[in-house]
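K.L.:
My structure is below; once you've seen it, I'll send some questions.
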Amino acid sequence: FKGGDTCEYLLSSGRFLGEKVWQPHSCMMHKYKNSEAKNCLLDKHIAFVGDSRIRQLFYSFIKLINPQVKEEGNKHGNILFEDKSASVKVDFLWYPEVNGSMRQRIKSWTESSVAKPHVIVAGAATWSIKIHNGSNEALTQYKINITSIAPLLEKLAKSSDVFWVLQDPVYEDLLSESRKMITNEKIDAYNEAAVRILNSSARNSKARVKVFSVSKLIAQETIMKSADGLHLPESSRDTNAMILMNVYCNKIMKPIDGSCCQPQPPLTLIQKLAFCFFTLSFIGYLIIHLIHRNNYRKNKSCTDLESGEEKKPAISTPNVSTLEMLLHSFCKLGLIMTYFYLCDRANLFMKETKFYTHSSFFIPIIYILVLGVFYTENTKETKVLNREQTDEWKGWMQLVILIYHISGASTFLPVYMHIRVLVAAYLFQTGYGHFSYFWIKGDFGVYRVCQVLFRLNFLVVVLCIVMDRPYQFYYFVPLVTVWFMIIYATLALWPQIVQKKANGNCLWHLGLLLKLICLLTCIYFLSYSQGAFEKIFSFWPLSKCFELNGNVYEWWFRWKLDRYVVFHGMLFAFIYLALQKHQMISEGKGDPLFSSRVSNVLLFVSVASFLTYSIWASSCKNKTECNELHPSVSVVQILAFILIRNIPGYIRSVYSSFFAWFGRISLELFICQYHIWLAADTKGILVLIPGYPVFNVLVSTFIFVCVAHEISQITNDLAQIVVPKDNSTLLKRLLCVAGFFFGLLLFSALQEPSRH
């Protein structure tokens with residue numbers, strides 16, 4: 001660990017991922033859009049001072065502000081650029097040599113009466129080598145000149161950002177005869193002199209001229225693609241310009257995926273209170289544990305001096321009180337949340353950009369599938385979508401989604417479309433599972449609702465507090481929470497129709513179908529009426545939960561993307577339970593689900609439908625168009641998978657315990673990945689062990705899975721304590737929870753002005 005100055009890393013080190021993606025050492029670069037660049041550089045003046053290489057950098061930089069700019073004008077003269085919409089001025093000043101003229105220009109900026117540029121980018125050397133035919137006298141004069149300029153640059157660095165660009169290597173085979181004297185040996189000598197003199201000057205000053213040396217590394221990889229052996233190819237120039245933009249703008253714009261040069265965010269009032277709470281929990285648990293331990297020792301058996309026999313202790317184990325269990329859970333949670341904070345809020349661990357390759361996605365997929373098949377066991381029951389099977393389904397889907405996220409496969413459209421089906425399948429299970437429970441059990445009590453809501457939302461609420469993120473940021477949990485409430489409202493509202501009641505009169509089945517049709521109508525209306533949807537979720541306090549970046553558009557988009565699949569899950573559950581009730585399916589061990597002929601036909605249709613959907617998803621060319629069709633057609637592949645998995649009796653009778661284990665903690669895995677496996681709120685990858693990517697993934701994955709498993713245990717323990725079965729006690733707890741959220745909203749409102 002060399003400290004948290006990621007700006008220094010950004011300016012001096014990195015490597016290419018593939019051919020064009022530059023990865024700075026330890027941090028992530030944001031790719032600035034034109035609008036973002038204009039917002040950052042509003043009312044700013046930037047000056048580029050130097051030779052033709054600096055002119056190239058100047059053009060790449062202004063194209064980030066206005067991509068329509070053409071490289072024209074006097075090549076050996078000053079070039080001025082201004083964007084009046086953002087009041088941005090960017091000047092290129094032609095000074096091909098470090099000499100008296102350059103010194104005079106820099107000195108003029110140090111005078112108090114002259115407006116100084118906010119950013120100065122300077123550098124030159126190749127002209128001195130060329131004009132003086134690479135003589136040693138020219139190098140000596142260069143040292144003298146840069147020694148006289150260095151104090152002026154340091155003076156400017158007190159109020160402006162000053163960058164000195166080191167000279168890039170050349171590709172000597174491509175140099176023209178008039179440039180043959182410009183060798184890499186000479187360039188290294190000039191760079192060494194510049195770095196030594198600027199660093200010596202910096203030691204005598206509090207200000208610091210930033211040495212832009214990363215361009216050398218980029219050039220070493222790309223200079224062979226140069227047209228003339230001297231000037232960099234366009235892609236390399238653009239990378240250098242983007243690095244400059246990140247150095248200056250990241251601390252202003254604070255992009256999530258731009259961790260370079262960003263200071264650690266200050267602790268909010270709510271985060272400080274959370275820290276105090278976990279500290280008090282730890283102290284409280286320690287005190288209670290010591291008291292219990294002391295009491296246990298007193299009650300321990302002692303040796304009977306007369307008989308020499310040991311008497312049995314009055315208490316065999318110390319009693320664990322509810323308070324001790326509560327504090328113990330909060331202690332463990334506090335330690336875990338500290339790890340979360342250190343990983344993704346403190347500038348302690350490194351973060352790197354995702355880079356997709358087919359091998360980085362498909363090889364791990366094949367590996368986990370082989371592992372999953374290896375751990376095959378018999379199921380306890382052979383019903384369709386039994387508990388082991390649904391856990392297995394959640395497990396392998398979650399593992400595929402995790403690999404999808406860490407490999408950056410969202411850039412590959414066919415993979416993206418298949419992952420969308422997996423997310424839809426989770427929601428399908430939500431509709432199927434909750435409908436089945438309410439339909440069979442008829443339990444619409446508050447206890448059941450509170451248990452489900454607590455288990456779904458506990459971790460996310462804690463993360464919102466500790467990581468200072470809005471609830472909607474963890475979009476999947478709000479999605480399943482809202483859909484659970486919709487399912488509950490649909491079945492609980494008058495008339496309550498459950499299986500027991502419907503068995504007495506078939507008309508109740510019709511009544512339930514009418515309810516489902518009403519639900520479908522509401523879904524259809526809201527999906528095509530963005531205004532009505534936004535009005536519903538823009539009311540306070542709902543707006544506090546579902547807004548992201550000041551509006552609820554993201555929430556509407558996420559909801560709309562899988563709007564029908566929960567309804568499909570409910571409908572499937574209704575049809576399946578009706579068939580089961582009337583004994584129209586066979587669920588015995590090893591028996592096919594239907595008669596041989598029907599099973600074969602359905603199996604053929606299912607395989608054909610599954611493959612047809614995959615072919616369609618793989619041939620997608622436009623993400624927007626495919627997303628429009630996805631809500632209506634995703635159920636095809638989901639139903640096809642269910643039938644393929646359940647029609648053959650043997651396949652239905654076995655499951656993968658490996659996948660099922662992960663399935664039981666799938667929600668925790670999905671949420672925890674945001675901060676302790678991925679980084680920068682899922683935009684990058686957490687690096688615990690730099691330089692060893694495979695080993696790093698193994699270590700971070702092991703910790704990540706252990707943490708997810710532990711949080712699952714903590715959530716289960718706390719659910720038993722916080723959500724009691726006694727209605728009067730539960731009502732009191734609900735009032736406490738309402739008070740807690742009211743306080744949270746109040747503190748959030750208090751810290752909002754300071755955030756802005």
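The values are calculated or read from the model by the stated rules, or taken from the named source; none is laboratory data. These figures come from a predicted structure and were not determined experimentally. Quick reminder, even Gly has a Cβ in these numbers, built from the backbone with ideal geometry, and neighbours come from all protein chains shown. All accessible areas refer to the heavy atoms of the entire protein, side chains included, with ligands and DNA or RNA removed. Shrake-Rupley method; radii C 1.70, N 1.55, O 1.52, S 1.80 Å.
K.L.:
Name the residue farthest towards the positive end of the dipole of the chain from the options N133, N39, Y285, assuming +1 on Cβ of Lys and Arg, -1 on Cβ of Asp and Glu, about the Cα centre.
P.N.:
Value computed over the given set: Y285.
K.L.:
Please get the size of the charge dipole for segment 349-723, origin at its Cα centre, with Cβ charges of +1 on Lys and Arg and -1 on Asp and Glu, quoted in debye to the nearest 20.
P.N.:
Magnitude of the dipole: close to 680 debye.
K.L.:
How long is the gain from A489 to W661 if the chain were fully straight, where each residue apart is worth 0.36 nm and the alpha carbon distance is subtracted? Kindly include the intermediate steps, with their values, before the conclusion.
P.N.:
Numbers: separation 172, 0.36 × 172 = 61.92 nm, distance 3.16 nm.
Separation in residues times 0.36 nm, less the Cα-Cα distance, equals 58.8 nm.
K.L.:
While we're here: Kindly state, to the nearest 0.05, the FRET efficiency for N34 paired with K158, given R0 = 30 Å and r defined as their beta-carbon distance.
P.N.:
After rounding, the FRET efficiency stands at 0.45.
K.L.:
As I understand it, the dipole of the chain uses +1 on the Cβ of Lys and Arg and -1 on the Cβ of Asp and Glu, about the Cα centre. Which of L516, L342, L463 lies farthest toward its positive end?
P.N.:
Ranked along the dipole, the leading option is L516.
K.L.:
Now, a different point. At a threshold of 8 angstrom on Cα-Cα distance, excluding pairs fewer than six apart, so keeping six or more, what relative contact order does the chain reach in percent?
P.N.:
The normalised contact order for the chain reaches 15 percent.
K.L.:
So what's the angle, to the nearest 10 degrees on a 0 to 90 scale, between helix 693-722 and the longest Cα principal axis of the chain?
P.N.:
Relative to the chain, helix 693-722 is tipped by roughly 40 degrees.
K.L.:
Moving to a separate point now. Along the charge dipole of segment 628-713, pointing to its positive end and built from +1/-1 on Cβ of Lys, Arg, Asp and Glu, which listed residue (V654, V699, H630) has its Cα farthest out?
P.N.:
V654
K.L.:
Which order do K33, K332 take when ranked by solvent-accessible area (1.4 Å probe, heavy atoms of all protein chains), largest first?
P.N.:
Reading off the accessible areas and sorting them downward yields K33, K332.
K.L.:
Please report the antiparallel percentage of DSSP beta bridges with both residues in the chain, rounded to the nearest 5.
P.N.:
55
K.L.:
Sort W164, W661 from largest to smallest accessible area, using a 1.4 Å probe on the heavy atoms of the protein chains.
P.N.:
Descending order: W661, W164.
K.L.:
In terms of modelled amide H atoms, which long-range or inter-chain residues lie less than 5 Å from the amide H of G14?
P.N.:
H25
K.L.:
Report the extension gain between Y171 and K254 in nm, rounded to one decimal, defined as 0.36 nm multiplied by the number of residues separating them, less their alpha carbon distance.
P.N.:
Values: separation 83, 0.36 × 83 = 29.88 nm, distance 3.77 nm.
Roughly 26.1 nm would be gained on extension.
K.L.:
Here's another thing I want to ask about it. About the Cα centre, and with charges only on the beta carbon of Lys, Arg (+1) and Asp, Glu (-1), how big is the dipole of the chain? Nearest 20 debye, please. Could the numbers behind the result be given before it?
P.N.:
On the way: 76 positive and 56 negative charges, 237 e Å.
It works out to roughly 1140 debye.
K.L.:
Okay, next question. Give the accessible surface of the chain per residue, rounded to a whole number of Å², with probe radius 1.4 Å and ligands, DNA and RNA excluded.
P.N.:
Ligands and nucleic acids excluded, the figure is 49 Å² per residue.
K.L.:
How much of L453 can a 1.4 Å solvent probe reach, expressed as accessible area in Å² and rounded to 10?
P.N.:
50
K.L.:
Also, quick follow-up: Binning at 10 angstrom from zero up to the longest distance, how are the C-alpha pair distances of segment 495-636 distributed in percent?
P.N.:
Going out from 0 Å in 10 Å bins, segment 495-636 shows 9, 25, 29, 25, 11, 2 percent.
K.L.:
So which lysines pass the test for K544, namely a Cα distance under 27 Å, with those fewer than 8 places away in the same chain ruled out?
P.N.:
In chain and number order, the partners are K251, K254, K272, K535, K560, K683, K732.
K.L.:
Whole Å is fine, so just give me how far the alpha carbon centre of segment 324-387 lies from that of segment 82-154.
P.N.:
53
K.L.:
Roll a 1.4 angstrom probe over the protein heavy atoms and tell me the percent of accessible area of segment 362-440 that is carbon or sulfur.
P.N.:
Numbers: 2090 of 3130 Å².
The value for segment 362-440 is 67 percent carbon and sulfur by accessible area.
K.L.:
On to the next question. Mind putting a number on the dipole of segment 426-565 about its Cα centre? Charges go on the C-beta only, +1 for Lys and Arg and -1 for Asp and Glu, and I need it in Debye to the nearest 20.
P.N.:
360
K.L.:
Which distance in nm do the two modelled labels at F741 and Y528 give, with both placed 7 Å along the Cα-to-Cβ direction?
P.N.:
About 3.3 nm, to one decimal.
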